[in-house]
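The values are calculated or read from the model by the stated rules, or taken from the named source; none is laboratory data. Small disclaimer: the values here were computed from a predicted structure and weren't measured. FYI the Cβ positions are ideal-geometry reconstructions off the backbone, even for glycines, and counts take in every protein chain you see.
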């Protein structure tokens with residue numbers, strides 16, 4: 001015997017149908033949670049649980065202090081691994097802008113192990129937050145030893161690609177790049193920054209790059225929500241050519 005759908009799923013199905021049929025359009029604000037709870041004759045926690053279902057599907061986003069909004073479809077980006085440059089690609093890159101916040105700090109926590117430096121070593125953090133329209137899209141933190149940090153870079157609203165280019169000019173050529181990709185729930189801070197549900201998985205990418213001496217010259221921590229990102233690696237097979245004498 002098939003069980004009856006829960007009340008929260010009935011509500012989620014109804015709102016989802018209204019979104020898919022255009023009765024509620026992308027960018028439109030939903031009625032307040034109190035109004036929706038009254039309309040569906042449920043308690044507020046049940047209503048919030050229904051909205052959480054839609055948030056986890058990427059259909060609705062909750063903006064603190066403003067309410068719940070129907071999300072525009074997110075542009076997908078592809079993280080391109082296996083190279084010496086840190087890069088993501090999008091077929092519509094012009095629709096995504098990036099702001100960069102630069103902070104000088106000392107090595108602590110996991111940064112000590114990632115960069116292989118003593119605690120308290122001077123580092124520079126480049127916090128890159130990409131936006132699509134007014135909505136956050138993805139997050140990246142790039143850490144470099146202070147002596148490899150470019151000078152004369154504005155602390156805010158700078159293109160992350162140009163920052164990466166300046167970093168590449170200062171650092172020695174890379175000889176080893178280690179990348180680790182993990183699917184996991186977002187932290188509370190990541191969910192709040194990216195305005196995503198805590199139930200939506202993110203692709204967490206840790207990238208560590210070293211020069212010919214083995215010195216780690218860059219460590220990057222990327223957080224890409226799984227509803228708008230792919231990861232691609234290309235392997236080039238080398239063939240040994242032997243010439244008989």
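Summary table below
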item: Residue within region 176-194 that is surrounded by 13 or more Cβ atoms within 10 Å (Cβ to Cβ), more than 30 Å from residue 58 (Cβ to Cβ) and either modelled with pLDDT under 95 or touching a strand residue (DSSP E or B) at 6+ places or on another chain (Cβ under 8 Å) (or both) present; result: yes
item: Extreme residue, nearest to residue 53 (Cα to Cα), among residues of region 16-26 that are surrounded by 12 or more Cβ atoms within 10 Å (Cβ to Cβ) and out of contact with any helix residue (DSSP H, G or I) (no Cβ under 6 Å at 6 or more places or on another chain); result: 16
item: Test: residue 223 is part of a strand (DSSP E or B), in contact with a strand residue (DSSP E or B) (Cβ under 7 Å, 6 or more places away or on another chain) and at pLDDT 95 or above; result: yes
item: Selection within region 16-71 - more than 22 Å from residue 198 (Cβ to Cβ) and in a helix (DSSP H, G or I); result: 17, 18, 20, 34, 35, 38, 39, 40
